[in-house]
Amino acid sequence: MNTTCCAPKTRSFSRFVRNYVLLGLVVTLVLYTAVLNFYMLYGKWMVAAFQLQLIAEQYDDQLARDPDAPLPKGFNIESFERFDELPAELRAHARPNDLELNELFYINTDQYADQKDPENPIFLVFPHQLADGREILILQTYHVGDGESVFFERLHNLALLSIPFAMAVIGIFAWFLWIIGKRLTKPSENLQDWANNLTTERLADPIPDFGFEELNDVARELHRSVNQIDQFVAREREFLRQASHELRTPVTIVSGNVELLEKSPLNQTQSRVMTRIKRANRNMQQLLETLLWLGRDNAPVGSTEHISFAAFIEQEISDLSYLTDGKHVTCSFTPDSEDTVIATSRAALMIVISNLIRNAFQHTPKGQVTITLKGTALTVKNTISTCTGECATPQGEGIGLQLVRRICARLNWHCTPTHLQNGGMSVTFDPGADTLVKPEPELVTS
């Protein structure tokens, strides 16, 4: 059964770094802007407390120089020595226990008024203990309508300016981050490009410097691995070049001598022995072709010939039928037409067909091998009768199916293996409609 695997979605390293650093920057600036606005909008009371405390400490220093110095007084600022001297509007909503030394006390009388009025006062009281032990109350008075004054208007405008300021900072940092990201990720991109273009022809070129020790280590390790693989492939090619001749020679000698022996009179026992030798030699030839195909990616596929597909399959079934001797295996071949002719490489087709049929015969200890041909699509299915119910799916593939897959991939043929529940396998092979040879029209004579 064919399964379609979706490749996992990959991420760009440079985009990953930029996005996450930019996200951290945005979160930091948002928090900073929120805190800045808090201090802009509500920090005015903290400023007022600092201002009143500073006035009290200055008055303390002044008393050290002039014991008769008057209490501090200025624009909207008054000083008192007792709680009873505070304005009546303040004392109406506060008690002496509400005041703590060196702590700002705030009260908005507009909250208690029956009618909202911009002239309703806002009192800020700062109790302070002098060096001589006396306590003074420094009072600063605002009015509700002062929120529209120049001072508060500029304070609010300054708070609003923090938003475009934060946006400007984000823009500057984003640009800076883009520059840094390019500097950080460019070496890795260069390493990727170098690795993609690293071929056996470029192994002799010096390894570039990618700017970081870790990337240089990766490049050296990759270069070493590719060099080892290239040396291994070279050794394999040399071995196959020599083995191709060394293995073919004894097989050819055996074939020639078998043909000579067949011309001599043989008794029944000798004929059976000769038949086994021929089968073993044919098996050796096919295994030799298989090994050579697996080891050589550029092995030639042979010249194109016109082949009667059904007759070709029947011949392969006949030649491989000895694999079912001594086993309870039956084989049936059902072609939809005896006249199907295809144009392809005979050697490649022989390897594919023989391996599919051989695989079915060898892996069926008892059962049925069904071979059907519909057009150019060949289906080889083995049903194992020794397995009832759902059997374990065999793991891996034999060398035959690996060879079939490689030949089909090179020649653009289609091969679809499907594991069956009974432990067997159904393989559909199709060289394609473009290999089909259309019959020539018959000449009609009058």
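Between Ile170, Ile107, the distinction of being surrounded by 12 or more Cβ atoms within 10 Å (Cβ to Cβ), of a type in the set (A, V, I, L, M) and at pLDDT 80 or above belongs to Ile107 only.
Scanning segment 74-94 for residues being surrounded by 13 or more Cβ atoms within 10 Å (Cβ to Cβ) and free of Cβ contacts under 8 Å to residues at least 12 places away in the same chain gives a total of 1.
Would you be able to say whether some residue in segment 196-216 is in contact with a Leu (Cβ under 6 Å, 6 or more places away or on another chain), modelled with pLDDT of 80 or more, surrounded by 14 or more Cβ atoms within 10 Å (Cβ to Cβ) and not in a helix (DSSP H, G or I)? Yes, that holds for at least one residue. Could you check, for segment 384-404, whether at least one of its residues is modelled with pLDDT under 90 and touching a Phe, Trp or Tyr at 6+ places or on another chain (Cβ under 7 Å)? Yes, segment 384-404 contains a residue that is modelled with pLDDT under 90 and touching a Phe, Trp or Tyr at 6+ places or on another chain (Cβ under 7 Å). Note on segment 325-363: residues that are of a type in the set (S, T, N, Q), surrounded by fewer than 19 Cβ atoms within 10 Å (Cβ to Cβ) and under 17 Å from Met425 (Cα atoms) total 3. Residue check: Gln228 meets all listed conditions (1) modelled with pLDDT under 85; (2) not assigned by TED's automatic domain parsing to the domain that holds Val47 but one, namely (1).
Please list, ordered by first then second residue, the pairs with beta carbon atoms under 8 Å, 6 or more apart or interchain, first in segment 305-334 and under 21 Å from Ala347 (Cα atoms), second among the small types (Gly, Ala, Ser). Once the first residue is under 21 Å from Ala347 (Cα atoms) and sits in segment 305-334, its partners that are among the small types (Gly, Ala, Ser) give Glu305/Ala343; Glu305/Ser345; His306/Ala343; Ile307/Ala343; Ala310/Ser337; Glu316/Ser354; Asp319/Ser354; Leu320/Ser354.
Cβ-Cβ contacts under 7 Å between residues 6 or more apart (or on different chains), taken from a first residue in segment 355-375 that is in contact (Cβ under 8 Å) with a residue 24 or more places away in the chain and of a type in the set (Phe, Trp, Tyr) to a second residue that is surrounded by 20 or more Cβ atoms within 10 Å (Cβ to Cβ) and assigned to a strand (DSSP E or B), are listed as Phe361/Val329; Phe361/Val369.
Residue-wise test of (1) hydrophobic (A, V, I, L, M, F, W, C); (2) modelled with pLDDT of 65 or more; (3) in contact with a Gly (Cβ under 8 Å, 6 or more places away or on another chain); (4) not in a helix (DSSP H, G or I).
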{"position": "Leu288", "(1), (2), (3), (4)": "yes, yes, no, no"}
{"position": "Leu292", "(1), (2), (3), (4)": "yes, yes, no, no"}
{"position": "Asn298", "(1), (2), (3), (4)": "no, no, no, yes"}
{"position": "Val301", "(1), (2), (3), (4)": "yes, no, no, yes"}
{"position": "Glu305", "(1), (2), (3), (4)": "no, yes, no, yes"}
{"position": "Ala310", "(1), (2), (3), (4)": "yes, yes, no, no"}
{"position": "Glu314", "(1), (2), (3), (4)": "no, yes, no, no"}
{"position": "Ser318", "(1), (2), (3), (4)": "no, yes, no, no"}
{"position": "Tyr322", "(1), (2), (3), (4)": "no, yes, no, no"}
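The values are calculated or read from the model by the stated rules, or taken from the named source; none is laboratory data. In this text, all values refer to a predicted model and were calculated from it rather than measured experimentally. Cβ: placed from backbone, ideal geometry, glycine included. Neighbour counts: every protein chain shown.
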